[in-house]
Each structure stands twice: as C-alpha cells, then as structure tokens.
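Take a look at the structure set out below.
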Amino acid sequence: ILSILMLNDTILAGTWEGFYRCTLSEISWEPFEPTGIPQNTPVCSIANIGNTLFAGSMGKIYKSSINDVNNWSEAGNGFPANTRILSIVSNGNAILAGTDNKGIYISTNAGLNWTAFNSGLPSQNISQLVAVGTKVFAVTVANGVLISDINDTNIAAGFASMGWTPNSSELENINCLF
C-alpha cells in the first residue's frame, strides 16, 4: 500500500496496481477501478481537500468529488512525465504536491495548473508534505525537514516572495512526519 484514506465508512488504498477499497462493516479488500483513471495506474498519494479527492500518480494528479468516487478526471497539467507524486496537501487557497525527483509543485486554482515551487529547496526528493496553519513542512530524504510560510498574502505577491528554509533541528533521513 502506497497511500490510504478514510472516507466516511470506506477505506481507499492506493497501490502500484491502482485502487483497492473496503468498508468498515466488511474488512475485505477489493480492487476498485473507477472511470477516468487508467487500469493498473499506480496511486502513490491520496488526499481529501474540501469536497474533492486528489490521487497522485506518475506525472499526473486525478480528482473526484467525495460524493462520486466512481468517476475521476485528470487534474490539470504541469508535472513532468515519470515523476511520482508522493504527497498532496492544501494550505489556504494553495494545493501542494511533493514528488520523488522534481521537488514540489503548487496550484492556486483548485488543481487546474501546477507550477514548480522549488526556490531554496536543496533536495527535490520529497517523501511527504504536512500543512499546519500557514506553515508547510517538506520532508526530504537527504536534507531533513524544510519549512515554507504559504499564506494568501504571499501567494498574491507571487512565488518569488516564498521559498523553503531548513528546519533548525537535527532531523535527517526522514520518510514520514505527522
């Protein structure tokens, strides 16, 4: 399992072969093949942002309404091919996606367009993103945890006013942060 998400009484799991799901009443995993996502597409990350589900794959993000998980569509463009999207979070009006080898991408229009957001990022191998208040923490494999202050004022001023700074802790070789 690469990613997992609880949605009401259903658990969605992303794997190298696509989605699996089960309900809390019957803990029995079944392959789940929604329309709009090609069969056997890896699902590396899943996020529930507002009323929209996002699923990160290889160079693409798909989205669906939480009310209709059987139908998905591709969410915008801007990702290089063969880049695994390992983490998706939201912070205010921004959605961020961390990748395995191309850094972090940001969307300020609900996932329609994505732009690289790597200023000050010493490592482009992002294993996880965590949003707390206006802060976003980027977990890197080689350089520990980095922090950016992403708020609506900074977004309105443009990406040049934002960047990533190292956390002052001694954390290294991190794969996961809660």
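Observations, loosely collected:
- Selection status of residue 78, under 18 Å from residue 116 (Cα atoms), of a type outside the set (Val, Ile, Thr) and modelled with pLDDT of 95 or more: no
- Across the range 86-128, the qualifying residues are those that are aliphatic (A, V, I, L, M) and not in a strand (DSSP E or B), and the one among them that is surrounded by the fewest Cβ atoms within 10 Å (Cβ to Cβ) is 112.
- Considering the range 75-85, and only residues there that are touching a Gly at 6+ places or on another chain (Cβ under 9 Å) and part of a strand (DSSP E or B), the residue that is most open to solvent (accessible area, probe 1.4 Å) turns out to be 84.
The values are calculated or read from the model by the stated rules, or taken from the named source; none is laboratory data. Nothing here was measured: the structure is a model prediction, and the numbers come from that model. Here the Cβ is made from the backbone with ideal geometry for all residues, glycine too, and neighbour counts use every protein chain on show. Accessible surface is based on the protein model in full, side chains and every heavy atom, while ligands, DNA and RNA are left aside. Shrake-Rupley method; radii C 1.70, N 1.55, O 1.52, S 1.80 Å.
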